[in-house]
1. Against the definition (more than 20 Å from I83 (Cα to Cα) and more than 16 Å from the chain's Cα centre (by Cα)), how does V214 come out, yes or no?
2. Tell me, yes or no, whether segment 148-157 has at least one residue that is more than 25 Å from A13 (Cβ to Cβ), in contact (Cβ under 8 Å) with a residue 24 or more places away in the chain and small (G, A, S).
3. Determine whether G194 is small (G, A, S) and on the phi > 0 side of the Ramachandran plot.
4. Please count how many residues of segment 134-159 are under 24 Å from S187 (Cα atoms) and either among the β-branched types (V, I, T) or open to solvent by 50 Å² or more (accessible area, probe 1.4 Å) (or both).
5. Taking S80, is it touching a Phe, Trp or Tyr at 6+ places or on another chain (Cβ under 9 Å), more than 21 Å from V210 (Cα to Cα) and in contact (Cβ under 8 Å) with a residue 40 or more places away in the chain?
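The values are calculated or read from the model by the stated rules, or taken from the named source; none is laboratory data. As the structure is a computational prediction, the values presented were derived from the model and not from experiment. All Cβ positions, glycine included, derive from the backbone under ideal geometry; neighbour counts span all protein chains shown. Ligands, DNA and RNA are stripped out before the accessible areas are found, and what is left, the full protein with its side chains, is counted by its heavy atoms. Shrake-Rupley method; radii C 1.70, N 1.55, O 1.52, S 1.80 Å.
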Amino acid sequence: MAYPVQLGFQDAASPIMEELMYFHDHTLMIVFLISSLVLYIISLMLTTELTHTNTMDAQEVETVWTILPAVILILIALPSLRILYMMDEITTPSLTLKTMGHQWYWSYEYTDYENLCFDSYMTPSSDLKPGELRLLEVDNRVVLPTEMSIRMLISSEDVLHSWTVPSLGVKTDAIPGRLNQATLMTSRPGIYYGQCSEICGANHSFMPIVLELVPLKHFEEWLLTML
């Protein structure tokens, strides 16, 4: 999860988030180079005399400043489209989890098992145990296996919500009457926190999400205690 005065992203815990971080660094470097070039040209114009004013009307200059931005846009668009297709690709999922947004809590249903569903409310500050995080802990965590393709079905019962876990690179809107789909796969076990990222009402900031990613063996043991 995030820590105080953090400037960058949270540590990636899924292949998709790793790709998103690579794309961010790639795009940021292009923006940095463009900004440096523009700042250099502006400083030259302010500090030197224009001794070759006829070059401002040259056909070659206009050709360069037309083609160069197009090439830069292509260098940004191609990796972006690749990641979009990766995020949208749903291979045969090993598990399906249905998530419903409510005012103001989440409910989860493991559709591959009968009668395995529960609500997840934020834990009040007065009930927190030592080491638990204020405004981020819930009474019922979502337990999922690691290194397995998981299909998330996300919708809402009342207003717009957004199911978001930053370290996994997942952010999908929960829309009433519509079923959105997302893929979730983690590369390492751990506890991952998220929140509703849509302004859904007065208690919008009190809809935390907690995923507990465990190896398959421990997930099966948890299933036996829940069924």
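1. Considered against the rule, which asks whether it is more than 20 Å from I83 (Cα to Cα) and more than 16 Å from the chain's Cα centre (by Cα), V214 comes out as yes.
2. Scanning segment 148-157, I find at least one residue that is more than 25 Å from A13 (Cβ to Cβ), in contact (Cβ under 8 Å) with a residue 24 or more places away in the chain and small (G, A, S), so the answer is yes.
3. Spelling it out, it is not the case that G194 is small (G, A, S) and on the phi > 0 side of the Ramachandran plot.
4. Within segment 134-159, residues that are under 24 Å from S187 (Cα atoms) and either among the β-branched types (V, I, T) or open to solvent by 50 Å² or more (accessible area, probe 1.4 Å) (or both) number 10.
5. Considered against the rule, which asks whether it is touching a Phe, Trp or Tyr at 6+ places or on another chain (Cβ under 9 Å), more than 21 Å from V210 (Cα to Cα) and in contact (Cβ under 8 Å) with a residue 40 or more places away in the chain, S80 comes out as yes.
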